[in-house]
1. What does the charge add up to near residue 173, with Lys and Arg as +1, Asp and Glu as -1, over the other residues with Cβ less than 12 Å from its Cβ?
2. By the gyration tensor of its Cα atoms, with a ≥ b ≥ c the square roots of the eigenvalues, what is the shape of region 75-178: rounded for a/c under 1.5, prolate for a/b over b/c, or oblate?
3. Among 24, 10, 48, whose Cα lies farthest out toward the positive end of the dipole of the chain, if unit charges sit on the beta carbon of Lys, Arg (+1) and Asp, Glu (-1)?
4. Roughly what would the spin-label model give for residue 25 and residue 2, points 7 Å off Cα along C-beta, in nm?
5. Taking the Cα of residue 195, stepping 7 Å toward and past its beta carbon, and measuring to each backbone N in region 152-184: which are under 19 Å?
6. Could you check how much of the accessible area of the chain is carbon and sulfur, as a whole percent, using a 1.4 Å probe?
7. Can you give the FRET efficiency for residue 121 and residue 181, using 1/(1 + (r/R0)^6), R0 = 30 Å, r = Cβ-Cβ distance, to the nearest 0.05?
8. Students often get this wrong: which residues of region 1-25 have the backbone nitrogen under 20 Å from the point 7 angstrom along Cα-to-C-beta of residue 32?
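The values are calculated or read from the model by the stated rules, or taken from the named source; none is laboratory data. All figures in this text were calculated on a predicted structure; none of them were measured in a lab. Here the Cβ positions follow ideal geometry from the backbone for every residue, glycine too, while neighbour counts run over all protein chains shown. The protein model used for the area step is the full one, side chains on, heavy atoms only, and it has no ligands, DNA or RNA in it. Shrake-Rupley method; radii C 1.70, N 1.55, O 1.52, S 1.80 Å.
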Amino acid sequence: MRYAVLGTGIVGRTLAAKLSGLGHETVVGTRDPEVTLARTEPDGYGNPPFAHWQAGHPAVRLTPFAEASGRADTVINTTAGAASLEVLSAAGADNLAGKVLVDIANPLDFSAGMPPSLDPVNTDSLGERIQRAFPRARVVKTLNTMNCAVMVDPSRVAGEHEVFVSGDDADAKKQVEEMLLSFGWPPASIVDLGDITTARGTEMLLPLWLRLWGALGHGDFNFHIAGARPGA
Ligand code: NAP
């Protein structure tokens, strides 16, 4: 599989390292590779500059968003939620057409400081906005309800815990479920919530996730849904 991971932050790096390690041809997308590689300061979250990460992952190429998306079978959005629509426009609607577009971003709005609020929220979601803006892409929202280290290594959290999947295209969700299985998610831990409007619910878990992070002092936790499942 050829993956384009759009985003050079900690989530993009974590997903790209995992996919490349699993043997997939993986490209990371950014606005301007030269600018990104020339950064010498840690990013806003204290992560080392991208060039530092790239030195340890020479198999992963860095290209502009459009080039990364054009060559990929599957595109993964790991950009800041406020910038995601702009990034995907730069990637190009034609480069996304017919492809599975995995959306991991959250619509965090830091304009009024910490903690962030959500925009959109309640009657809309970033996942839906992306699907509306790119109707030929097959958007699947997933993995946005946990820390990125847990996304690619669910064993970091002891016991049963879940990953949610939202999207309109059943085949696209099936493909994403296969990716999740390859990351180590047990089949029973993958909860298909339904169509892309269900992304409202998972995005609205973020205010709770952020408060739990503050209360627990670490990110190695996740949500567990107790109770019977249909078909179980
Ligand atoms: P981030 O700092 O939120 O985003 C970095 C990426 O966004 C970069 O690739 C950057 O492009 C792009 N970007 C930022 N502003 C832009 C703008 N104005 N125009 C175009 N592109 C812009 O990265 P992150 O911390 O890795 O988070 C990525 C996403 O995952 C976010 O939506 C976050 O809410 C979500 N998420 C994070 C976690 C976690 O564990 N941190 C967990 C779940 C979900 P350049 O490469 O060109 O600089």
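1. So the environment of residue 173 carries a net charge of -4.
2. Numbers: a/c = 1.87, a/b = 1.08, b/c = 1.72.
Because a/c hits 1.5 or more and a/b fails to exceed b/c, region 75-178 counts as oblate.
3. 24
4. 0.4
5. 165-174
6. Taking all protein chains in place, the chain shows 56 percent carbon and sulfur surface.
7. Calculated transfer efficiency: 0.45.
8. Answer for region 1-25: 6-9.
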